[in-house]
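The values are calculated or read from the model by the stated rules, or taken from the named source; none is laboratory data. This is a predicted model, so every value here is computed, not measured. With ideal geometry, Cβ positions are generated from the backbone for all residues, glycine too; neighbour counts draw on all protein chains shown. To get the accessible areas, we keep the full protein, side chains included, count just its heavy atoms, and leave off ligands, DNA and RNA. Shrake-Rupley method; radii C 1.70, N 1.55, O 1.52, S 1.80 Å.
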Amino acid sequence: MARMELAPLRPWDDFFPGADRFAKPDFADLTKWNNRVISNLLYYQTNYFAVAIVVFLIVGFLNPFGMFLGGAVVTLVFMGSVWAGENKAMIKNFKRKNPTLFVFGVMITSYFLLSLCGGVMVFIFGITFPLLLILVHASLRLRNMKNRLENKIEGVGLKKSPMGIILDLLDQQEERMNKIQDFIESKLKE
């Protein structure tokens, strides 16, 4: 089993270079777009965590109880949905085929529960806004060679990272592992 490592903090000029390293994703090819997002989530994960923490701290400073409540509700709903995804075949298939809708479902459920407690603004600014920033960057940032190499190492299982574990919980890494395993097996047969 691979030990968990935190990816290094990528330099600013790599994380947010000039406009030439950003491009609109191909909305017609959802698989390619999903691969770009997953690759960027794995490669820039420490930068994304830093951005999220800064936003959490700002919102948490302005409304500490609301931020704690919002974080607890989202965490509980996410853990409950992951548990349901592991124990209910229908939810597991939905999660694997529609990861974005699954995450939106978790967020909508969290929003509904927080609206009952009056913590909607904290949810929007403290939890949803950082996720939106991360998704936009991961969707628009083109991958580079280092990014692809790091993702192959993690995909093979030589190392694990916090984002890799989260993606595993969303069933987004298993398909890659199966493709790599099939490729290796086909080469061994030749």
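How much of Leu69 can a 1.4 Å solvent probe reach, expressed as accessible area in Å² and rounded to 10?
The accessible area of Leu69 comes to roughly 40 Å².
Please arrange Glu86, Glu5 by accessible surface area, largest first, computed with a 1.4 Å probe and ligands excluded.
Per-residue accessible area, sorted high to low, gives Glu86, Glu5.
How much length, in nm to one decimal, is gained on full extension between Arg143 and Asn87, taken as 0.36 nm per residue of separation minus their Cα-Cα distance?
Once the chain is fully extended between Arg143 and Asn87, it gains 16.7 nm.
Between Trp12, Ala50, Phe65, whose Cα lies farthest towards the positive end of the dipole of the range 1-72 when Lys and Arg beta carbons carry +1 and Asp and Glu beta carbons carry -1, centred on the Cα centre?
Phe65
Report the FRET efficiency, 1/(1 + (r/R0)^6), for Leu76 and Cys117, where r is their Cβ-Cβ distance and R0 is 22 Å, rounded to 0.05.
0.95
Need one value: the accessible area of Lys32 in square angstrom, 1.4 angstrom probe, rounded to the nearest 10.
120
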